[in-house]
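First comes the structure, then the notes that go with it.
The values are calculated or read from the model by the stated rules, or taken from the named source; none is laboratory data. The structure displayed is predicted, hence computed values, not measured ones. Backbone-built Cβ (ideal geometry, glycine too); neighbour counts: all protein chains shown. All accessible areas refer to the heavy atoms of the entire protein, side chains included, with ligands and DNA or RNA removed. Shrake-Rupley method; radii C 1.70, N 1.55, O 1.52, S 1.80 Å.
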Amino acid sequence: MMQHTVTAFDDDLADLSQKIAMMGGLAERSLGDAISALSRNDSALAERVISGDREIDRLERELEENAILTLARRQPVARDLREVMAAIKISADLERIGDLAKNIAKRALVIDTRSLAKSVIYGLEHMSETTLKQLHDVLDSYGNHNTELALKVWERDAEIDAMYTSIFRELLTYMFEDPRSITSSTHLLFAAKNIERIGDHATNIAETIHFLVTGESLNDERPKGDTTPSLGIQAVANRSDDNT
């Protein structure tokens, strides 16, 4: 009976891990496709990203339901309990990443990036590539319970913040110099903020993995490289992102 219980719990954990892997793969693809849709003015691809977010949402609901059943049936403690709670927290971060990628895709449907400065588009693409690397690495660290890799992700968050600051300032310059660019530049500012927040969620996952493996929280202050001034447009961007 004891062996059966242990095996059943291991099966439950394997199912949770598999769903995290599926959600992670979909989230990575959604971000990559959303940026491609934005830079190439590909409305069909943007629509696929938007509709594909429902699958990420479905997986998160299934994972949460399964995790709650596991807690009720197995009543795990210590490391086993952390495994289940970590899966719930990570799935929530991945669901939010899917929402943010969907927001970027929505921007791709309403602006024509061909009229914008190439340097801003290249900056967004580079920022997205860095964020995708962060997301890929943190998902690997979860699969392997690799705290060293998780800490590297945590420490590199400031790089994405610095990229966002650079894009933010460049877009403000365009808006001041040419009021006709305000609408398109604002949409790109929202997209850049979405990418920056995806980086934050990857960092959240890194912190969860560290606690999962060690049982200890990261007490150091999270590295931040965002030095953008507190302007009204920034607050509007944050509110817009929360209304998914």
Note: among Ala237, Ala150, Ala192, Ala202, just one is buried (at least 17 other Cβ atoms within 10 Å of the Cβ), of a type in the set (A, V, I, L, M, F, W, C) and modelled with pLDDT under 90, namely Ala237
Counting only residues in the range 85-107 that are among the β-branched types (Val, Ile, Thr) and open to solvent by less than 10 Å² (accessible area, probe 1.4 Å), the one nearest to Arg74 (Cα to Cα) is identified as Ile90
Contact list, first residue from the range 124-145 and on the phi > 0 side of the Ramachandran plot, second anywhere and modelled with pLDDT of 95 or more, beta-carbon distance below 6 Å, six or more apart or interchain, is His145/Val213
Restricted to the range 103-123 and to residues being under 13 Å from Leu171 (Cβ atoms) and small (Gly, Ala, Ser), the residue modelled with the highest pLDDT is Gly123
So, first residue in contact (Cβ under 8 Å) with a residue 24 or more places away in the chain in the range 46-74, second residue buried (at least 17 other Cβ atoms within 10 Å of the Cβ) and of a type in the set (Phe, Trp, Tyr), Cβ within less than 7 Å, six or more apart or across chains; the pairs are Arg74/Phe9
Of (1) open to solvent by less than 70 Å² (accessible area, probe 1.4 Å); (2) of a type in the set (A, V, I, L, M); (3) within 15 Å of Phe9 (Cα to Cα); (4) without any contact (Cβ under 8 Å) to a residue 24 or more places away in the chain, Val77 satisfies every one except (1)
In the set Arg58, Arg82, Arg54, Arg29, the lone residue that is assigned to a helix (DSSP H, G or I), closer than 21 Å to Glu129 by Cβ and of a type outside the set (Phe, Trp, Tyr) is Arg29
Taking the range 121-166 and keeping residues under 18 Å from Ala101 (Cα atoms) and more than 19 Å from the chain's Cα centre (by Cα) leaves Ile121, Tyr122
